[in-house]
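Report on one structure; see the data block that follows.
What follows draws every value from the coordinates through simple rules; no lab data is involved. Keep in mind the model is a prediction, meaning the values are calculated, not measured. FYI the Cβ positions are ideal-geometry reconstructions off the backbone, even for glycines, and counts take in every protein chain you see.
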Amino acid sequence: MDREGVKSTLQLSQEDAAMLVFVGQRVGFNVKFILAEVALYGSYCVLVVLALYTMSNRQQTSAQSIFLMTVLVISFTLVTVICIVDFVRFRAFITTVLIDDVAATVSGRLKYYAGRRDIKRLNLMMRWIGNIADTGLLFFLNDALASWRALAIWHSESRFWMRATLMSLLFVSFAFWLSEIIYAMFNFTHVAVDNFDISAILGYSSSSASIAVNLCATAMIAFKFHQHRLLAAQAGVRLESLKILLLLVESGFLYATIQIARLALAISIVPSTPVYGVLHTAQKVFESISQIVTAMYTPAIILIISSRHSIADTVQLQTILSGVASSHWAGRPDDPEVGVDANVDRDVNELEMTTFKHETWQSGRPSSQG
């Protein structure tokens with residue numbers, strides 16, 4: 001083929017030239033967030049392996065272990081599906097637009113790709129896993145885990161109301177998210193064009209409730225950390241298990257920061273935002289990789305609560321606090337609901353055991369014996 005023949009085959013219409021630029025931008029965009037996903041997915045796998053190894057070393061199996069293992073397996077499965085689907089969609093885009101002979105023009109190839117029902121089904125499945133801002137199964141699992149950890153150490157009289165608050169927020173978040181998914185299923189081709197669209201409003205409402213759940217749970221743990229630190233200082237002992245509470249607080253606030261950033265970036269995208277521009281790319285890349293970071297919360301919690309600190313510190317503090325409570329509140333009747341069960345499962349870490357004793361001393365009643 002001569003040079004004139006080559007030149008004639010490369011002539012494009014103005015529309016196709018613009019579409020070709022769009023294809024190049026999309027390819028570059030997909031490469032960026034897929035590389036970021038692969039890098040984070042490797043780190044996530046390391047955390048999962050460490051968490052599984054930690055749990056496999058336990059001599060007994062408790063309800064806590066089963067719950068954590070279930071959440072870990074589900075989260076790992078969801079993250080793996082996210083990475084696979086993103087790669088499959090990218091490959092399908094390259095194949096349809098640049099390789100397969102499905103249309104004579106670039107715009108025709110793009111329209112054909114946009115109309116593929118298998119791609120639409122994959123997009124809908126991704127909405128179930130991680131959708132607008134902080135909605136999706138991954139975030140709901142993390143919210144449930146955060147609530148469970150907060151309630152596990154909250155043994156005061158307000159436990160019922162705190163549980164009701166957390167459960168109500170969880171229900172609100174789930175209800176808005178499920179409504180958004182159902183709306184998307186019945187409006188298969190609908191695309192939200194601004195923040196006042198019904199699907200966007202449902203997603204943002206669910207995200208706000210999700211953030212409220214995590215902030216409430218983290219605040220509860222932070223309050224207990226402050227309370228127990230004061231108790232340890234008054235008793236004159238150094239309690240290593242307080243580090244677990246501190247790590248739970250820090251991880252909770254980190255997760256909340258990610259949630260708020262995801263919601264803020266999602267709201268910042270408006271119809272006038274240039275597609276594949278700096279803000280659009282930053283929002284999409286952060287939305288993609290933060291799903292994996294969100295999933296890291298589960299193995300991180302497992303590693304934190306599985307940390308075994310000195311039992312002597314706990315026993316020493318319990319002895320001192322029991323003595324202080326008994327001498328200060330002598331003659332007052334025991335409360336049968338307060339105290340430490342001598343047969344508490346060994347899988348429940350010393351954090352809960354210390355909490356029971358702290359609550360006994362804090363409420364001003366000696367722990368019941370036997």
- Query: Over all Cα pairs of the stretch 54-205, how is the pair count split among 5 Å bins, expressed in % and running from 0 up to the last occupied bin?
  - Reply: 1, 8, 13, 13, 15, 14, 11, 8, 6, 4, 3, 2, 1, 0, 0
- Report the semi-axes of the equivalent ellipsoid for the stretch 18-129 in whole Å, largest first, where each axis is √(5λ) for an eigenvalue λ of the Cα gyration tensor. 40, 15, 9
- Task: Using label points projected 7 Å from each Cα along Cα→Cβ, tell me how many nm separate L178 and R91, to one decimal.
- Result: 3.5 nm
- Query: Across every pair of different alpha-carbon atoms, what Kirkwood hydrodynamic radius in Å does the stretch 150-255 reach?
  - Reply: 16.1 Å
- How far is it, in nm, from the label point at S107 to the one at S168 when both lie 7 Å from their Cα along the line to the Cβ? 5.4 nm
- Label-point gap, in nm, between V81 and V31 - each point 7 angstrom along Cα→Cβ: 3.0 nm
